[in-house]
Every structure is written in C-alpha cells, then in structure tokens.
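Beneath this line is the structure, given in structure tokens, with notes to follow.
The values are calculated or read from the model by the stated rules, or taken from the named source; none is laboratory data. Nothing here was measured: the structure is a model prediction, and the numbers come from that model. Because the Cβ atoms are built from the backbone with ideal geometry, glycine has one as well, and the counts that use them run over all protein chains shown.
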Amino acid sequence: MEKYLDIFRESYAGYFRYLLDEITRFHWENYFYGLIAVSLGVWILELLFPWRKNQKVFRKDFWLDTFYMFFNFFLLNLIVLIFLSNTAEALFNDFLGVVGLQISNFELFNANALPYGVGLLIFFVVSDFVQWNTHRLLHRVPFLWNFHKVHHSVKEMGFAAHLRYHWMEPVVYKSLLYIPIAIIGGFNIEDVAIVHFFALTVGHLNHANLGWDYGPLRYIFNNPKMHIWHHAKVLPKHTQYGVNYGLTLSLWDYLFKTNHVPHDGRDIELGFSGDETFPKDFITQELYPLKTKK
C-alpha cells in the first residue's frame, strides 16, 4: 500500500514540476508551446483557405473547444491521468511478477537495434492501429459511446474540436496504448515527441475548416474531407456504428471497409441523433455520461 501512496504523491508532484517547466522553459519537444504553435498554424490555414466560407472566424463553441484543448492536454494529466497511468503500470508489473514474468518478456524488439526511423515508424503504425480499434470500441460499446458523445457534440468543425473529448476517453486510449509501448522498447523523449506532434497536427487538420483530401495520399492519411463524414449526424443504416475511425491513418478504414466518403461533405449536418438535448457547457457535458442510464 505504501508503494502506491508513493506513486500517488510522486505522480502529482512530478507532473506539477513538469508542467511548470513546460510553461517557463522553452525546448524543442515542449508540449505546451508545441500545442500553441500547431494550433495557431492550423488556425491560420483555416483563415487563409476556409472550406465553409460563411463559417465565422470564432465559430460556434470556439472558446469551449479551446478550453477543452488545454484542459485535456495538460490539466487532465495533473488531475487524474498521470496517477492512473503510473498506478496501472505498477499493478501490471506486479501482476507479471506474481506469475513469474517481466515486462521484457513481451518486448518483441528494441527500436535502438534498428536503423533510426524504422523502429519509430513501426511504433507509429502499431500505435495508430491500436487507437483505430479503440475508436471503434468507443462507437460500438454503449457505455463508452456515452462518453464519446462529448466529442460528437461538435456542430461546427474547427481545429480545436480535435481535443473536445470526455476525460474518460484518454483513460481508455492510454490503457490500450500500453500494448505497443510494452512490445516495442528503446525510445527516448525526442522520438515520442516526433510521433506525438505529427499525430497532433494531422488531428488538428482533420477537424479544421479545410477542404483538403491530399490527393492519392488520402488512402494513407486521414484528412478533413474524410473526417467530416465521421461527424455526420445522418449515415446509412448499415453504418449505424459510424465510419472513418482513423485518427492519423485512413489506411485501416480502407483495409477493413469502414471508409465512407459518398460526396463532398462540406455542408452536411454534424452531431448525433438526439444531440438537441445534449448539454452545452463543459461541466454538464463532463457529468452527462454519469447521469445517463442508457
């Protein structure tokens, strides 16, 4: 028990020190200023090349999504995720110890043993596939869908909508992402930062007011013209659980036949059935899944 109390104390103290360092000291893998830089860059692209030209610069829920962006990216870690992540890792390692195993038993290879970039590419592809499957679960399991509704309550797309999600989602994502982290070792913080900022940029672009599909690359990378259909309020009956689950890569949707881009979706209605009564503010949106019985 004392071990887990120490994890609790160090998780909060350590992350607070980290967050303070991120804000007060600039370095190239700085997540705080990296988020600001990527967000400003994509927002400028929206202003220069707007797909929906009648959409306001400060679109519907712009400030709510901006708050979500910083809350989910930083404060959520401080409040709960770092402690949960560290505790889950300790419990998993303790369980392996009981059955006579170590985390190294699951490591398929070490990225350092491969040419630079190869291991990182494998880690990125495996991680994205795990996240694609996790995203499908969020749509297919009613309990998880209640949490995911927060993200789908977006009615006008913009870059900051990327990080509008309920705090439970990263708990699910991070738990399952422990799989590729466990089987692929040897990464340093610079490697992780490369993957992280690339995924962040693609995610922002996917939700931005941009009419891009990247030409032939659309079959590999998710894009705004594809992702808008993931947020469509009305879809064919055979796609009742959703379409276009890709986060960074669209490849999985084309491989597993969950792709759906029937026509230009610039002006389609966004949301989900019954979203008229969905809460409009941060607190009630966060509490919504806990109050919903169905």
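Remarks
- Some residue of the range 179-186 being part of a loop (DSSP other than H, G, I, E, B), surrounded by fewer than 17 Cβ atoms within 10 Å (Cβ to Cβ) and at pLDDT 95 or above: no
- Residues that are under 13 Å from the mean Cα position of the chain (by Cα) and at pLDDT below 95 occur in the range 115-127; there is at least one.
- Failed condition for Ala161, given (1) assigned to a helix (DSSP H, G or I); (2) within 13 Å of the chain's Cα centre (by Cα); (3) at pLDDT 90 or above; (4) over 24 Å from Leu45 (Cβ atoms): (4)
- Segments classed as helices (runs of 4 or more DSSP H), wholly inside the range 188-294, with at least 1 members that are in contact with an Asp or Glu (Cβ under 6 Å, 6 or more places away or on another chain): 189-207, 224-230
- Scanning the range 117-142 for residues that are of a type in the set (A, V, I, L, M, F, W, C) and without any contact (Cβ under 8 Å) to a residue 12 or more places away in the chain returns Val118, Leu121, Val141.
- Residues of the range 47-63 satisfying the condition of being farther than 19 Å from Gly265 by Cβ, touching a residue at least 12 places away in the same chain (Cβ under 8 Å) and not aromatic (Phe, Trp, Tyr): Asp61
- Of the helices (runs of 4 or more DSSP H) entirely within the range 1-88, those holding at least 1 residues that are at pLDDT below 85 and over 22 Å from Val195 (Cα atoms) occupy 2-24.
- On inspection, Asn133 qualifies as under 30 Å from Asp61 (Cβ atoms) and modelled with pLDDT of 65 or more.
- Filter result for the condition that a residue is at pLDDT 95 or above and more than 20 Å from the chain's Cα centre (by Cα), over Lys237, Lys225, Lys233: Lys233
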